[in-house]
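Colleague: Have a look at the structure that comes next, please.
The values are calculated or read from the model by the stated rules, or taken from the named source; none is laboratory data. Just so we're clear, the structure is a prediction, and the values are computed from it rather than from any experiment. We place every Cβ from the backbone using ideal geometry, glycine too, and count neighbours over all the protein chains shown.
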Amino acid sequence: MASLNADLISQQIEVEFYFLGGAPIFQAFASTPTTAHIDAMFQPAEVVSDAAQRIAGREAVDDDWVHESIRTLVGGRADSAAHVELSNVRVFMPRPEYVLAVKCAAMGLGDDFHEMEDVRYVLRAMNITSAHQALSVVMQYFTERQLAPDLRTSLEGLIGA
């Protein structure tokens, strides 16, 4: 994780890895967002994936080294305490509500962001069956102006009204 942290420092990117229901998922953020708007904070997933690939090649480790490292770090623990906290990399087991909110906030940012599968996974893990339920959770963390205008429609497409 130290190598990944160093690479992300040079790019001014921070990443949070969430371990939810056995699956590590992540979200990348600009280290110094220029505005309070969500689109200025989130970074494409490829930024972290590319850094992990560079490190895998340089250090001669498997391509999935990040996920394996996270699984090893969190083991069987199921609390929400941070397990790794470096300047630009955090690995923890957050509340599923937080993961849903962050992933939903990133959904409207364009094709570079592949949040739909993560959102679908979290919705299933939380047994959320309506867009209304999902939005109730998301609005605990974000204001309406911070979210994509078509978020409700996207959620309805994933799970129904």
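Colleague: Given the conditions (1) out of contact with any strand residue (DSSP E or B) (no Cβ under 7 Å at 6 or more places or on another chain); (2) at pLDDT below 85; (3) not assigned by TED's automatic domain parsing to the domain that holds residue 11, report the number of the one that residue 76 does not fulfil.
Modeller: (3)
Colleague: Would you confirm, using the coordinates I've provided, whether residue 48 is in a helix (DSSP H, G or I) and modelled with pLDDT of 80 or more? Reasoning before the result, please.
Modeller: Values: in a helix (DSSP H, G or I): yes; modelled with pLDDT of 80 or more: yes.
Spelling it out, residue 48 is indeed in a helix (DSSP H, G or I) and modelled with pLDDT of 80 or more.
Colleague: Find all pairs meeting these conditions: Cβ atoms under 7 angstrom apart; at least six residues apart or on different chains; first residue within region 130-154 and surrounded by 16 or more Cβ atoms within 10 Å (Cβ to Cβ); second residue part of a loop (DSSP other than H, G, I, E, B) and of a type in the set (Val, Ile, Thr).
Modeller: Correct list of pairs: 134/128.
Colleague: Please verify whether residue 82 is at pLDDT below 75 and either among the aliphatic types (A, V, I, L, M) or touching a Cys at 6+ places or on another chain (Cβ under 9 Å) (or both), treating the condition exactly as stated. Give the derivation first.
Modeller: Numbers: at pLDDT below 75: yes; either among the aliphatic types (A, V, I, L, M) or touching a Cys at 6+ places or on another chain (Cβ under 9 Å) (or both): yes.
Answer is yes for this residue.
Colleague: With the condition kept exactly as written, say whether any residue in region 95-108 is in a loop (DSSP other than H, G, I, E, B), under 17 Å from the mean Cα position of the chain (by Cα) and at pLDDT 80 or above. Give the derivation first.
Modeller: Start the filter on region 95-108 by keeping residues that are in a loop (DSSP other than H, G, I, E, B), which leaves 95.
Now narrow it down to the ones that are under 17 Å from the mean Cα position of the chain (by Cα): 95.
From the residues that got through so far, the ones that are at pLDDT 80 or above too are 95.
Yes: one or more hits.
Colleague: Right, here's the next one. If you scan region 125-159, which residues turn out to be among the aliphatic types (A, V, I, L, M) and part of a helix (DSSP H, G or I)?
Modeller: Within region 125-159, the first condition is being among the aliphatic types (A, V, I, L, M), and the residues that meet it are 125-126, 128, 131, 134-135, 137-139, 147-148, 151, 155, 158-159.
125, 126, 131, 134, 135, 137, 138, 151, 155, 158, 159 - these are the residues of region 125-159 that are among the aliphatic types (A, V, I, L, M) and part of a helix (DSSP H, G or I).
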